[in-house]
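S.K.: Below is one structure. I have some questions about it.
The values are calculated or read from the model by the stated rules, or taken from the named source; none is laboratory data. What you see is a predicted model, and the numbers here were worked out from it, not measured in a lab. Positions of Cβ are backbone-derived with ideal geometry, glycine not excepted, and every protein chain shown enters the neighbour counts. Note: accessible area is taken over every heavy atom of the protein model, side chains too, but ligands, DNA and RNA are not part of it. Shrake-Rupley method; radii C 1.70, N 1.55, O 1.52, S 1.80 Å.
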Amino acid sequence: MSWDVSAVRRQFPFYANLEHPLHYLDSAATAQMHAAAFEAMGAHDIHARSNVLRGNHRLAEAATLAYEAARASVARFLNASAAEEIVFTSGCTAAINLVAGALAHSLQAGDEILVSLAEHHSNFLPWQRLRERGVLLRALPLDAVGCIDFSRLEVQLGNRCRLIALTHASNVTGALTSAADIAAVVAAARAVGARVLLDGAQRVQHGPVDVRQLGVDFYAFSGHKCFGPTGIGVLWGRREALAELPPFMTGGGMVGRVAIDESSWAEPPRRFEAGTPPIAQAVGLGAVLEWMLALPWERIRAHEEALLLRLLAGLMAIPGVALFGPANAADRLPVIALRLATHHSHDVCQVLDSRGVAVRGGHHCAQLLHRALGVEETVRASLALYSDADDVDALLAALHEAARVLA
Ligand code: PLP
């Protein structure tokens, strides 16, 4: 049985309410939101709106139960050992900043952090800022098509490395970091006593993740990229990895005892959730992850891969198109970066938009990756489980048109 796109589109209010035909091929930036999230957030704010973890009445209790149920859903989605390993943040960027900011307290001058040149700025700049503390930032280079060159791991990993932060999937080339490469990174990190963080922002949209199998210490992602609300994200941390971190932000809800000179902190995850969290958004994310957990991912992957191959074949037939990323569809997500001759990506996007095709142009917050590929910016098309062959064909036709109009 094949994946039924029309049936899934009926579950996305975006598709039911489109006033003009639009081929939305920018889900890597923000995916459309599933009805389960709309409904769960609406119902929560009508029936259980209250603050969490510190109320004494029935609404506060209902809100706390819903918030904690959402945490349990995230734990199931990631196959975490316990719900206490899930920290809610405002997004993937906030989750990575949390780890960098908390780790900063224990870093010494001369300690090292290892990243790669494929990282989104959200998984590069928080680590680069640690240079202010004398921390050395090292980076794995990329190969000719823009994939992380893991053959350089041994050379780049110093004895004083404290953390390795890598993307699980590139937001530009779609390249997946393989389980084998992650295992090699984890083994190398253990040998020098370093922690490993994976940026899962792009990967989560394409199915549940098994953090225990990956063997890493931290995993970060955003709700809006996996069909959930904006303003909510997740940091998963292995119990012992979270326990050794001090708070990043301080405020209500994350303390033990407060005294005038000194205070004690709550245990994780509350230690890292200062202030009123995004409660309804967490509930919406929990609902959408439960929906995702029940999906037939093998069929969806086959569908996405078939669309990716159709797109790649069509792109290769357009004169002047240059493609980046792995040649093998199994090694990548359905995310494609391309150049159309020497035309600026914003000009290409404008022509595409006028034909009802929404893609993104620019450096996609990955300037280092683009520079390594010898370009400043690209056009990026990203497919999701609600994309279909019409979307792909409309993009190809619009690119032919752009090549003609911009020539
Ligand atoms: N990491 C990657 C790979 C991304 O693609 C993005 C967003 O595009 C982020 C991190 C940051 O996510 P957010 O802006 O939702 O915090």
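S.K.: Within the stretch 158-167, which residues are buried (at least 24 other Cβ atoms within 10 Å of the Cβ) and of a type outside the set (A, V, I, L, M, F, W, C)?
M.R.: Thr167
Condition check ((1) more than 25 Å from Gly252 (Cβ to Cβ); (2) not aliphatic (A, V, I, L, M)) across all residues:
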{"site": "Met1", "(1), (2)": "yes, no"}
{"site": "Ala7", "(1), (2)": "yes, no"}
{"site": "Phe14", "(1), (2)": "yes, yes"}
{"site": "Pro21", "(1), (2)": "yes, yes"}
{"site": "Leu25", "(1), (2)": "yes, no"}
{"site": "Ser50", "(1), (2)": "no, yes"}
{"site": "Arg54", "(1), (2)": "no, yes"}
{"site": "Glu61", "(1), (2)": "no, yes"}
{"site": "Tyr67", "(1), (2)": "no, yes"}
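S.K.: Among the residues in the stretch 167-184, are any closer than 20 Å to Leu98 by Cα and within 16 Å of the ligand (Cβ to nearest atom)?
M.R.: The first filter runs over the stretch 167-184 and keeps only residues closer than 20 Å to Leu98 by Cα, leaving 167-168.
Checking which are within 16 Å of the ligand (Cβ to nearest atom) leaves us with 167-168.
Yes, some residue in the stretch 167-184 is closer than 20 Å to Leu98 by Cα and within 16 Å of the ligand (Cβ to nearest atom).
S.K.: I've got another one for you. Please work out which one of (1) in contact with a Leu (Cβ under 9 Å, 6 or more places away or on another chain); (2) away from the ligand (no atom under 13 Å from the Cβ); (3) touching a residue at least 12 places away in the same chain (Cβ under 8 Å); (4) not aromatic (Phe, Trp, Tyr) is the condition Gln108 fails and give its number.
M.R.: Here Gln108 clears every test but (1).
S.K.: Moving to a separate point now. Spot the failing condition for Phe248; the list is (1) open to solvent by less than 40 Å² (accessible area, probe 1.4 Å); (2) in a loop (DSSP other than H, G, I, E, B); (3) within 28 Å of Pro208 (Cβ to Cβ), and only one is missed.
M.R.: Status for Phe248: all satisfied but (1).
S.K.: Same structure again: Is it the case, given these coordinates, that Ala287 is open to solvent by less than 70 Å² (accessible area, probe 1.4 Å) and either in a helix (DSSP H, G or I) or among the hydroxyl-bearing types (Ser, Thr, Tyr) (or both)? Walk me through how you get there before you give the answer.
M.R.: Working: open to solvent by less than 70 Å² (accessible area, probe 1.4 Å): yes; either in a helix (DSSP H, G or I) or among the hydroxyl-bearing types (Ser, Thr, Tyr) (or both): yes.
Considered against the rule, which asks whether it is open to solvent by less than 70 Å² (accessible area, probe 1.4 Å) and either in a helix (DSSP H, G or I) or among the hydroxyl-bearing types (Ser, Thr, Tyr) (or both), Ala287 comes out as yes.
S.K.: OK, next. Could you look through the stretch 143-156, keep only residues that are open to solvent by 30 Å² or more (accessible area, probe 1.4 Å) and touching a residue at least 12 places away in the same chain (Cβ under 8 Å), and pick out the one that is farthest from the ligand (Cβ to nearest atom)?
M.R.: Of the residues in the stretch 143-156, the ones open to solvent by 30 Å² or more (accessible area, probe 1.4 Å) are 143-145, 149-152, 154-156.
If we keep only those that are touching a residue at least 12 places away in the same chain (Cβ under 8 Å) too, we end up with 145, 150, 152, 154, 156.
On the way: Val145: 17, Phe150: 18, Arg152: 21, Glu154: 25, Gln156: 20 Å.
Here the residue is Glu154.
S.K.: Criterion first (in contact with a Ser or Thr (Cβ under 9 Å, 6 or more places away or on another chain) and either open to solvent by less than 10 Å² (accessible area, probe 1.4 Å) or in contact (Cβ under 8 Å) with a residue 60 or more places away in the chain (or both)) does Asp388 satisfy it?
M.R.: On the way: in contact with a Ser or Thr (Cβ under 9 Å, 6 or more places away or on another chain): yes; either open to solvent by less than 10 Å² (accessible area, probe 1.4 Å) or in contact (Cβ under 8 Å) with a residue 60 or more places away in the chain (or both): yes.
In short, yes.
S.K.: Going residue by residue through the stretch 230-243, is there one that turns out to be open to solvent by 50 Å² or more (accessible area, probe 1.4 Å), closer than 30 Å to Arg10 by Cβ and either of a type outside the set (Lys, Arg) or more than 22 Å from the chain's Cα centre (by Cα) (or both)?
M.R.: Taking the stretch 230-243 first, the residues open to solvent by 50 Å² or more (accessible area, probe 1.4 Å) are 230, 238-240, 243.
Adding the requirement that they be closer than 30 Å to Arg10 by Cβ leaves 230.
Right, trim to either of a type outside the set (Lys, Arg) or more than 22 Å from the chain's Cα centre (by Cα) (or both) and you get 230.
For the stretch 230-243, residues open to solvent by 50 Å² or more (accessible area, probe 1.4 Å), closer than 30 Å to Arg10 by Cβ and either of a type outside the set (Lys, Arg) or more than 22 Å from the chain's Cα centre (by Cα) (or both): present.
S.K.: With the structure loaded, tell me whether Ser90 is touching a Ser or Thr at 6+ places or on another chain (Cβ under 8 Å), closer than 30 Å to Ala69 by Cβ and not assigned by TED's automatic domain parsing to the domain that holds Leu323 or whether it fails that test.
M.R.: Working: touching a Ser or Thr at 6+ places or on another chain (Cβ under 8 Å): no; closer than 30 Å to Ala69 by Cβ: yes; not assigned by TED's automatic domain parsing to the domain that holds Leu323: yes.
Considered against the rule, which asks whether it is touching a Ser or Thr at 6+ places or on another chain (Cβ under 8 Å), closer than 30 Å to Ala69 by Cβ and not assigned by TED's automatic domain parsing to the domain that holds Leu323, Ser90 comes out as no.
S.K.: Which residues, taken from the stretch 46-64, are open to solvent by 60 Å² or more (accessible area, probe 1.4 Å) and in contact (Cβ under 8 Å) with a residue 12 or more places away in the chain? Lay out the reasoning, then the answer.
M.R.: Filtering the stretch 46-64 for residues open to solvent by 60 Å² or more (accessible area, probe 1.4 Å) gives 46-47, 49, 54, 56-59, 61.
Answer for the stretch 46-64, where residues must be open to solvent by 60 Å² or more (accessible area, probe 1.4 Å) and in contact (Cβ under 8 Å) with a residue 12 or more places away in the chain: His47, Arg49, Arg54.
S.K.: Taking only the stretch 173-199 into account, find how many residues are touching a Gly at 6+ places or on another chain (Cβ under 7 Å) and more than 19 Å from Arg212 (Cβ to Cβ).
M.R.: Count: 3.
S.K.: Just to verify a result, which residue in the stretch 79-100, among those that are of a type in the set (Ser, Thr, Tyr) and outside any strand (DSSP E or B), is surrounded by the fewest Cβ atoms within 10 Å (Cβ to Cβ)? Don't jump to the end; show me each part of the working.
M.R.: As a first pass, look at the stretch 79-100 and keep what is of a type in the set (Ser, Thr, Tyr): 81, 89-90, 93.
Narrowing the set further to residues that are outside any strand (DSSP E or B) leaves 81, 90, 93.
Details: Ser81: 13, Ser90: 18, Thr93: 21.
If we take residues in the stretch 79-100 being of a type in the set (Ser, Thr, Tyr) and outside any strand (DSSP E or B), then Ser81 is surrounded by the fewest Cβ atoms within 10 Å (Cβ to Cβ).
S.K.: Can I ask one more? Residues that are within 16 Å of the ligand (Cβ to nearest atom), at least 1 per element: which strands (runs of 3 or more DSSP E) completely within the stretch 294-364 meet that? Don't jump to the end; show me each part of the working.
M.R.: Details: elements: 321-323, 335-340, 360-362.
In the stretch 294-364, the matching strands (runs of 3 or more DSSP E) lie at 335-340, 360-362.
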